[in-house]
1. Can you tell me which residue in the stretch 76-114 is farthest from the chain's Cα centre (by Cα), limited to those that are surrounded by 15 or more Cβ atoms within 10 Å (Cβ to Cβ) and among the small types (Gly, Ala, Ser)?
2. Please pick out the residue among 175, 159, 196 that is within 13 Å of ligand 1 (Cβ to nearest atom), under 15 Å from the mean Cα position of the chain (by Cα) and touching a residue at least 12 places away in the same chain (Cβ under 8 Å).
3. Here is a list: 51, 58. Which entry is surrounded by 15 or more Cβ atoms within 10 Å (Cβ to Cβ), over 17 Å from residue 186 (Cβ atoms) and away from ligand 2 (no atom under 13 Å from the Cβ)?
4. Go through (1) under 22 Å from residue 51 (Cα atoms); (2) touching a helix residue (DSSP H, G or I) at 6+ places or on another chain (Cβ under 7 Å); (3) polar (S, T, N, Q) one by one and return the number of the condition residue 138 breaks.
5. In the stretch 121-217, which strands (runs of 3 or more DSSP E) lie fully inside it and hold 2 or more residues that are polar (S, T, N, Q)?
6. Examine the stretch 123-142 for a residue that is surrounded by 23 or more Cβ atoms within 10 Å (Cβ to Cβ), under 21 Å from residue 89 (Cα atoms) and among the hydrophobic types (A, V, I, L, M, F, W, C), and state whether such a residue exists.
7. Right, residue 186: away from ligand 1 (no atom under 16 Å from the Cβ), touching a residue at least 60 places away in the same chain (Cβ under 8 Å) and not basic (Lys, Arg) or not?
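The values are calculated or read from the model by the stated rules, or taken from the named source; none is laboratory data. These numbers were taken from a predicted model, which means no experiment stands behind them. Cβ coordinates were reconstructed from backbone atoms using ideal geometry, including for glycine residues, and neighbour counts include every protein chain displayed.
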Amino acid sequence: MTALTLTNVNKSFGAVHVLKDISLTVEDGEFVVFVGPSGCGKSTLLRVIAGLEDATSGEIRIAGEQVNLTPPSKRGIAMVFQSYALYPHLSVRKNMSLALRQEGQPKDVIEQRVANAARMLNLDPYLDRYPSELSGGQRQRVAIGRAIVREPKIFLFDEPLSNLDAALRMNTRIEIANLHRQLSASMIYVTHDQTEAMTLADKIVVLRDGRVEQIGSPMELYNNPANQFVAGFLGSPS
Ligand code: ADP
Ligand code: MG
C-alpha cells in the first residue's frame, strides 16, 4: 500500500513560490529521505504534508484518502522538529504523554504507550526528570518519544540531528534506523547531510529550489545521477 501520495503540490507565501509541482510517493514502511540545500523548501514540504501549512494547489493523499482539508491531528502523522521544543516545566513523562492526554486517551493506554516508548528509547531512568536535567541527545530522544506514543502511520523528521555533536549524531542515526525496523511506520527524514541520506534511505528525493530533481534509491542516484547537481550533492564521481 502507498502511505502518502503528493500530486503536483505547490506552496506559495504571497508572491514567493516555494514548492513547485512536487509529486512523489511514500510506501508503507518505507524510509524516504528528502535532501537539498538550505532554503530549497524541505521544511515547508514537511509542514504541508503534516497539515501545518495548506498547499496552494495540488493533492495530498494519505493511505489513498485526500487529506488537503484534514487537520494535522487527524492525519496519522507525527513530526519531530529540529529544535526539540520540549516543555521545560513538564517532566519527561508529562512531555511524552501530553498529546495523548489532550486526545483524551484513557490513563492505562497513556501509561502503556509511554512505558513502551521509554523502553525503546532507553529513557526509563529519566521519566521523572525535567528537560533542563537532560543532555542534548536525551532531549532529542524525548522528542522522538513524543512522536512514538501517538502511534502514527507516518513519522516526519526535520533535520533531527542538526543540534547534536558528531558522535551523538552517529548514535542517534543508528537509533532512528533501529526504530524504523521495530515500528511498522513510514518515515520521511529531512537532512542536508549526504551521509545521513545515503545510509538511512530506501528512497531519496533530491530537492532544489522547490522542485524535485530526482527520486531513486541511494545506489540509483549515486550510479545514475540525473544531472551535475544531484551528482555533486551525493558525492558521486560523474
Ligand atoms: P529548508 O528547510 O530547505 O531550508 P524552508 O522550507 O525552510 O527551506 O524554506 C524554503 C523557502 O521558503 C525559503 O526561501 C524561506 O524563506 C521560505 N519560507 C518558508 N516559510 C515561509 C513563510 N512562513 N513565509 C514566507 N516565506 C517562507
Ligand atoms: Mg528546514
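1. Of everything passing the filter in the stretch 76-114, 91 is farthest from the chain's Cα centre (by Cα).
2. On inspection, the qualifying residue turns out to be 159.
3. Numbers: 51 fails: over 17 Å from residue 186 (Cβ atoms).
On inspection, the qualifying residue turns out to be 58.
4. For residue 138, the exception is condition (1).
5. 186-191
6. Checked against the condition, which is being surrounded by 23 or more Cβ atoms within 10 Å (Cβ to Cβ), under 21 Å from residue 89 (Cα atoms) and among the hydrophobic types (A, V, I, L, M, F, W, C), the stretch 123-142 yields at least one hit.
7. Against the criterion (away from ligand 1 (no atom under 16 Å from the Cβ), touching a residue at least 60 places away in the same chain (Cβ under 8 Å) and not basic (Lys, Arg)), residue 186 qualifies.
Residues are listed down the side, and each one gets a yes or a no for (1) farther than 17 Å from residue 182 by Cα; (2) among the acidic types (Asp, Glu):
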site: 83; (1), (2): yes, no
site: 86; (1), (2): yes, no
site: 107; (1), (2): yes, no
site: 119; (1), (2): no, no
site: 122; (1), (2): no, no
site: 151; (1), (2): no, yes
